[in-house]
1. Could you tell me whether any residue of region 165-174 is without any contact (Cβ under 8 Å) to a residue 60 or more places away in the chain and not aliphatic (A, V, I, L, M)?
2. With respect to GLU153, determine if the residue is modelled with pLDDT of 95 or more, within 23 Å of THR38 (Cβ to Cβ) and open to solvent by 60 Å² or more (accessible area, probe 1.4 Å).
3. Among the residues of region 127-141, is there at least one that is in a helix (DSSP H, G or I), out of contact with any Gly (no Cβ under 9 Å at 6 or more places or on another chain) and without any contact (Cβ under 8 Å) to a residue 40 or more places away in the chain?
4. Take the conditions at pLDDT 90 or above, of a type in the set (S, T, N, Q) and either farther than 30 Å from LEU94 by Cβ or surrounded by 13 or more Cβ atoms within 10 Å (Cβ to Cβ) (or both) and apply them to THR191. Does it pass?
5. Here's a check for you: in region 165-188, which residue that is closer than 20 Å to ILE228 by Cβ and charged (D, E, K, R) is modelled with the highest pLDDT?
6. Which residue pairs have Cβ atoms closer than 6 Å, lie 6 or more positions apart in sequence or on different chains, and pair a first residue in region 78-105 that is more than 21 Å from ALA6 (Cβ to Cβ) with a second residue that is open to solvent by 20 Å² or more (accessible area, probe 1.4 Å) and part of a loop (DSSP other than H, G, I, E, B)?
7. Can you pull out every residue in region 274-323 that is closer than 30 Å to CYS107 by Cβ, at pLDDT 95 or above and surrounded by fewer than 12 Cβ atoms within 10 Å (Cβ to Cβ)?
8. Does any residue in region 213-235 that is closer than 13 Å to CYS270 by Cβ come within less than 7 Å, Cβ to Cβ, of a residue that is assigned to a strand (DSSP E or B) six or more places away or on a different chain, and which pairs are these?
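The values are calculated or read from the model by the stated rules, or taken from the named source; none is laboratory data. Quick caveat, the model's predicted, so the values are computed rather than measured. Note that each Cβ is placed from the backbone with ideal geometry, even for glycine, and that neighbours are counted across all protein chains shown. To get the accessible areas, we keep the full protein, side chains included, count just its heavy atoms, and leave off ligands, DNA and RNA. Shrake-Rupley method; radii C 1.70, N 1.55, O 1.52, S 1.80 Å.
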Amino acid sequence: MNLVPAQYRNVSVADVPVALDEVALRAYLLGRPVYRRTRYLIARNGGACAVVEVGKESELLLFSPVTVMTMIARADETAFVDAPGTDTAVPTQLARAAAGHAPGARCVVVRGRYGHISFIADPAPFRVRVVEVVPPWPPKLVDQLERVLALAEDLPPVELVTDLVDLAALASTRPAEHYLFPCRAGQEPETAARDATGPADGVPVSYLDEIPERAPWTLVGCARSRSIHDWFYGGDVPTVDMCPRNLAARGARPAAPPGPHGPAPVITKCCLLEDRVSSDDGLVVVPWGASLAQIRDGLRLALAAARPAPPPGQPAPATGSTR
């Protein structure tokens, strides 16, 4: 699954004067010279194309004759699509182009950004569930993951399954006459004004980062919010736990449907983590203010959790062109 060339310069495209079946292509290609970097060949005839893998007599000479050919995808299994916004070096982008333009094809050849051509065979993106609270909009963790995946040439295709917890709805699970949220950040002015009445009409809202005058409120926050509240106000306070880590760990949110690789790992965030990423039994947690580098580390840990362990005595699968 998820066969993607490690580099699109490993892919050559050639119009051939023979049928696109295995026998005809092998007879045509064996002995013909190809460029030293060519590993995959997209053979075209008319409006159809097929994908093959070739082995060469030498990879040192600039051109070398083909000595072996393996069929990757027949013409009846292959679709060719134009997706000029797709970076064909990025597996997640290739998988999205395949799903969007040719969802029924076993192999999809994509002509994308810069006119570069590559392909994905047997696309089966890894599902990763993202538990996040909103606002802010867009959801920051989801947005950061999307930004990393948009450039991740060395990660396999990933499908994010977003699980957004609306803070107003969460607060409403514990009716109160006044709510205290951690901060106003991330809300547009008109949204903040609209939300000033709280989760229910007529219920006032305050924000902890503004250090308002003490009121008989219910705190919608996490362990760090509770510590800050205790620092400034002391005393007990009713609390609705909004920590994404706790929401995910408690299983309070429905699990993402299993993907082709099994149950989806979860990635979320917690403000008690400040400079590291943690992973435990398929639950990956990044700091609340995670950098893109930490987000990338979290994705790698989630993908490691999604991949089944190799049988005893067998090495872990190589990354390379199969991603």
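1. yes
2. Working: modelled with pLDDT of 95 or more: yes; within 23 Å of THR38 (Cβ to Cβ): yes; open to solvent by 60 Å² or more (accessible area, probe 1.4 Å): yes.
Spelling it out, GLU153 is indeed modelled with pLDDT of 95 or more, within 23 Å of THR38 (Cβ to Cβ) and open to solvent by 60 Å² or more (accessible area, probe 1.4 Å).
3. No, there is no match, as no residue in region 127-141 is in a helix (DSSP H, G or I), out of contact with any Gly (no Cβ under 9 Å at 6 or more places or on another chain) and without any contact (Cβ under 8 Å) to a residue 40 or more places away in the chain.
4. Against the criterion (at pLDDT 90 or above, of a type in the set (S, T, N, Q) and either farther than 30 Å from LEU94 by Cβ or surrounded by 13 or more Cβ atoms within 10 Å (Cβ to Cβ) (or both)), THR191 does not qualify.
5. Of everything passing the filter in region 165-188, ARG174 is modelled with the highest pLDDT.
6. Listed pairs, sorted by first residue: ALA79/ALA105.
7. Answer for region 274-323, where residues must be closer than 30 Å to CYS107 by Cβ, at pLDDT 95 or above and surrounded by fewer than 12 Cβ atoms within 10 Å (Cβ to Cβ): there is none.
8. GLY221/THR239; CYS222/ASP241; SER225/LEU219
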